[in-house]
């Protein structure tokens, strides 16, 4: 939607990310409970704070921009923020009390504002307001001018829907406008802080997640579609995405000097699931094999863990690295016709 045509043609010096587990690179692990094996087994060879066997879409975006993987804002040990920071936390929602952690979107934005204020002041102090370098410590700090040149990615909303689906099933659609309003307020706050390049992901097809296929068996109210996904749940996600896209269009019109890119993650994920078998993945009936829900003790796998490169779902809710790699290629290059690339070897 306007602005950025393809990430690989852009030169952003940093990324600031906000979201939930789909883009959390260690926030939840630092704030609450450390992620455990077998998370991280494919790429990092150890738990990396990600609820995945390897890299997330945000990791592939950073790689595409020739930037380092984003460190979690809450991870204070051995951390460099020169090329951005990640404020996403697994379980987070847009609205307060609408998710599974207290670190909702507005809270993440407030953390960013504090981060920007403190790091800018410290950088200026260490460099004598940019005139003289007096300490090597500033090499891990963001450059003050990069805040207005950075890419601001927002990938959140899935928990708002899942939380409402569980707690307010009869009023689910009524909760969507509040989420969209809070999302808009967060964007305005970032804009006020100098953010000008926004990359907004919509939410994926919740009805295709094995978790929902398990807890919402097909009946008269939960019919499955042609891809084996819960139709009603996906329709709710589609309605949320419709309202989100409309609001992003309004933001683009009202904030004319800002660039907004609305990324249709829903379509990319649904197409991937629909074409799973042709791509070499197990079909949807085998998505129930939760590699990410097994445990590794002293190098021994407890319980059955299938080859994650053949699975789209890692742990019934989150996607595998193999799936994230294909999705990221489609997203970054805006392959709206979804001419799928071969599976990674």
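The values are calculated or read from the model by the stated rules, or taken from the named source; none is laboratory data. All values derive from a computational prediction rather than experimental measurement. Here Cβ is always computed from backbone atoms with ideal geometry, including for glycine, and neighbour counts include all displayed protein chains.
Of the helices (runs of 4 or more DSSP H) lying entirely inside the range 202-315, the ones with 3 or more residues being modelled with pLDDT of 95 or more are found at 231-254, 265-274.
Quick check on my filter: what residues within the range 11-24 are assigned to a loop (DSSP other than H, G, I, E, B) and buried (at least 24 other Cβ atoms within 10 Å of the Cβ)? First the steps, then the outcome.
Within the range 11-24, the first condition is being assigned to a loop (DSSP other than H, G, I, E, B), and the residues that meet it are 11-14, 20-24.
Within the range 11-24, 20, 21, 22, 23, 24 qualify.
Taking only the range 146-187 into account, find how many residues are without any contact (Cβ under 8 Å) to a residue 12 or more places away in the chain and under 23 Å from residue 254 (Cβ atoms). Step through it out loud before you land on a result.
So the first thing to find is which residues in the range 146-187 are without any contact (Cβ under 8 Å) to a residue 12 or more places away in the chain, and the list is 166-171, 174, 181.
With under 23 Å from residue 254 (Cβ atoms) added as a condition, the list becomes 181.
Going through the range 146-187 one residue at a time, the tally reaches 1.
Among the residues of the range 42-63, those identified as more than 26 Å from residue 112 (Cα to Cα) and surrounded by fewer than 22 Cβ atoms within 10 Å (Cβ to Cβ) are 42, 43, 44, 45, 46.
Restricting 170, 194 to residues that are more than 20 Å from the chain's Cα centre (by Cα), part of a loop (DSSP other than H, G, I, E, B) and surrounded by fewer than 17 Cβ atoms within 10 Å (Cβ to Cβ) narrows the list to 194. When the range 233-281 is filtered for residues that are without any contact (Cβ under 8 Å) to a residue 40 or more places away in the chain, more than 18 Å from residue 160 (Cα to Cα) and buried (at least 17 other Cβ atoms within 10 Å of the Cβ), only 276 remains. Candidates 154, 230: the one that is surrounded by 15 or more Cβ atoms within 10 Å (Cβ to Cβ) and under 30 Å from residue 256 (Cβ atoms) is 154.
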